[in-house]
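Below is one structure; the comments refer to it alone.
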Amino acid sequence: MNEHWRSMSSLNQPCFVGYDFIGKMDSLIEDSNMLLDYLEVNETIRFTNFHNYTRYNVSIKDISKKIYSTVSNVKIKKLYDEVYRDDFEAFDYDIPSYINDIILE
């Protein structure tokens, strides 16, 4: 499988590597700034805000739902069960309701 689609837990092996910090894309700016504060470099380095989709009046949730609607429920469940379940558990991600409904079928 192409590494861009592999699970983070298989790429980074969080159970075997003693990471000091794990940031999430959901809170990228806050996590990055917290790390910079911890490293005491926040006066010289600051993580800047990235592109904001709200200017297009569409949410990431809406975009995701639209993309997932093009994939069969069987494939979504298989991807979760066989590839990404460990990521959701290891990194404490909430499963979006539109995915969770499929997983629980």
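Which one is surrounded by the most Cβ atoms within 10 Å (Cβ to Cβ), of the residues in region 6-19 that are in contact with a Phe, Trp or Tyr (Cβ under 9 Å, 6 or more places away or on another chain) and in a loop (DSSP other than H, G, I, E, B)?
Only one residue tops the list, namely Ser7.
Hey, Glu3 hits all of (1) part of a helix (DSSP H, G or I); (2) among the acidic types (Asp, Glu); (3) modelled with pLDDT of 80 or more but one; which does it fall short on?
Here Glu3 clears every test but (1).
Could you grab me the full set of residues in region 40-72 that are modelled with pLDDT under 80, within 17 Å of Tyr98 (Cα to Cα) and among the basic types (Lys, Arg)?
Within region 40-72, Lys61 is the sole residue that qualifies.
So which residues in region 52-105 are of a type in the set (D, E, K, R) and closer than 23 Å to Ser27 by Cβ?
Arg55, Lys61, Asp62, Lys65, Arg85, Asp86, Asp87, Glu89, Asp92, Asp94
Of the residues that sit in region 73-105 and are among the hydrophobic types (A, V, I, L, M, F, W, C) and under 24 Å from Ser32 (Cβ atoms), which one is modelled with the highest pLDDT?
So in region 73-105, the residues among the hydrophobic types (A, V, I, L, M, F, W, C) come out as 74, 76, 79, 83, 88, 90-91, 95, 99, 102-104.
Keeping just the survivors that are under 24 Å from Ser32 (Cβ atoms) gives 88, 90-91.
Details: Phe88: 89, Ala90: 84, Phe91: 85.
The residue in question is Phe88.
Residues of region 22-43 being out of contact with any Asp or Glu (no Cβ under 8 Å at 6 or more places or on another chain) and exposed (fewer than 13 other Cβ atoms within 10 Å of the Cβ), which ones?
Of everything in region 22-43, those that are out of contact with any Asp or Glu (no Cβ under 8 Å at 6 or more places or on another chain) and exposed (fewer than 13 other Cβ atoms within 10 Å of the Cβ) turn out to be Ile22, Met25, Asp26, Ser27, Glu30, Asp37, Tyr38, Leu39, Glu40, Val41, Glu43.
Evaluate region 40-48: report whether one residue or more is in a helix (DSSP H, G or I) and out of contact with any Leu (no Cβ under 9 Å at 6 or more places or on another chain).
So the first thing to find is which residues in region 40-48 are in a helix (DSSP H, G or I), and the list is none.
Scanning region 40-48, I find no residue that is in a helix (DSSP H, G or I) and out of contact with any Leu (no Cβ under 9 Å at 6 or more places or on another chain), so the answer is no.
The values are calculated or read from the model by the stated rules, or taken from the named source; none is laboratory data. These numbers were taken from a predicted model, which means no experiment stands behind them. Cβ atoms come from the backbone with ideal geometry, glycine included; neighbour counts cover every protein chain shown.
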